[in-house]
Every structure is written in structure tokens, then in C-alpha cells.
Amino acid sequence: MERLAVYPGSFDPITNGHLDIIKRGLRFFDKLIILVAYNPNKSGLFSVEERMELIRQVVGDDARIRVDSFSGLLVNYVRDNGAAVILRGLRALSDFEYEFQMALINRRLNRDIETVFLMTGYKWFYTSSNLIKEAAGHGGSVRGLVPEIVLQRLQEKYADSFKKG
Ligand code: PNS
């Protein structure tokens, strides 16, 4: 049977840490759905379409990967798409409590679905999309933390702050 997992996140934007989880996840799963899970009442730096487009560009043409978006209960999406596993990356200690809570509520909502964690590669242990945005927004270099195309898009988004500083 095909092993399918859903890798959900905000991906605002995708980082090298996410990419690391995707590559390693594909060693254990035959197929991955990379799911941009969004709240319609919250706007990110990148629109949902931009996030999906960036993910597609970064992962390239890979038949094992599908990129999708969804707003609603994650476990419902997972069930409706024939999967039973949620894949999440786990970084430094600060992630643990939040991820633990989320895994528990998701299991309570649907006991047929398990969350599987992969420890993020040490190089990405302390970075997050939020910190990367903050650094880039103040003109700091985030080269090496995000794929080249994401670096370009961040620079475009923050063009004004880059000009200033
Ligand atoms: O990249 P993030 O922001 O850490 O991802 C969090 C995300 C999107 C996976 C999480 O907020 C989520 O699953 N949202 C969908 C709503 C939901 O099902 N929440 C958990 C049960 S209340």
C-alpha cells in the first residue's frame, strides 16, 4: 500500500528547514502532500498562491509531491485525502510544547491519524519563517537559510527596507 503523508504548515515562506524535512520525509513516505494550511482571517507576507508557487519551484518536478492549500481542520483534510499521517519537523525545545499540544488535539479529533516528527537538521534548528522574515525585513542577510528563489522574493517584498539599510 502506498504510504502517504501530509506535511502541513504556513510556509510563509518555505525555508531550507522545510526542505530538509521534505527530502528526509520522502525516504519514509512514497508520497507527500505539502499543504499550505491557512486562516482566511490572517494575512501573511506571501499570499497562499505565492507560497504554493514558491514551494512548487523549490521542490521542482517530482511525481511524489503534491502541493495543495486548505483552510479548516487539518485532520479532516488528511482523512478526506486518504492519508493517515501528519508529518511535522521538530526544532529546538520551544517547538515541543506547541507541537505536542497540536498532535494531541489532532489525535483526539481523529484517532486514526498519527503525527510523525522528524528532528530538524542541526543547521536549521534555530530558524523559522518568522525569524527569517524579521531579519530580511530589517535588511539582514538570510542567504543560506532559504532557497535562492525565496531569497529573491523576500528581497522584492522588502525592497524598500533594503534600499534604506
Ligand atoms: O507552520 P506552522 O504555522 O507551524 O503550521 C501550523 C499549522 C498550519 C499546521 C496548524 O496551525 C494547523 O494545523 N492549522 C489548521 C487548523 C487545525 O487543524 N488546527 C489544529 C487542531 S485545532
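In nm, give the distance between the simple-model label positions of Ala84 and Asp62, each being 7 Å from the Cα along the Cα-to-Cβ direction.
2.4 nm
Rounded to the nearest 5, what % of the DSSP beta bridges within the chain are antiparallel ones?
Looking only at bridges with both residues in the chain, the antiparallel portion is about 0 percent.
For the chain, what's the relative contact order in percent, using C-alpha pairs closer than 8 Å and at least 6 residues apart?
27 percent
For the chain, what does the accessible surface come to per residue with a 1.4 Å probe? Please give it in Å².
I get 59 Å² per residue for this part.
At 1.4 Å probe size, with the rest of the protein present, what percent of the exposed accessible area of the chain is carbon and sulfur atoms?
Exposed carbon and sulfur together represent 51 percent of the surface.
Report the semi-axes of the equivalent ellipsoid for the range 80-165 in whole Å, largest first, where each axis is √(5λ) for an eigenvalue λ of the Cα gyration tensor.
Equivalent-ellipsoid dimensions as semi-axes: 33, 14, 12 Å.
Positive end of the charge dipole of the chain (Lys, Arg +1 and Asp, Glu -1 on Cβ, about the Cα centre): tell me which of Pro8, Thr127, Val36 has its Cα farthest that way.
Value: Thr127.
Viscosity 0.692 mPa s, temperature 37 °C: what is the translational diffusion coefficient of the chain from Stokes-Einstein with a Kirkwood Rh over Cα pairs, rounded to a whole number of µm²/s?
Reported coefficient: 199 µm²/s.
The values are calculated or read from the model by the stated rules, or taken from the named source; none is laboratory data. Computed from a prediction, not measured in an experiment: that's the story for all the values here. Counting neighbours? That spans all protein chains shown, and the Cβs are built from the backbone with ideal geometry, glycine included. Accessible surface is based on the protein model in full, side chains and every heavy atom, while ligands, DNA and RNA are left aside. Shrake-Rupley method; radii C 1.70, N 1.55, O 1.52, S 1.80 Å.
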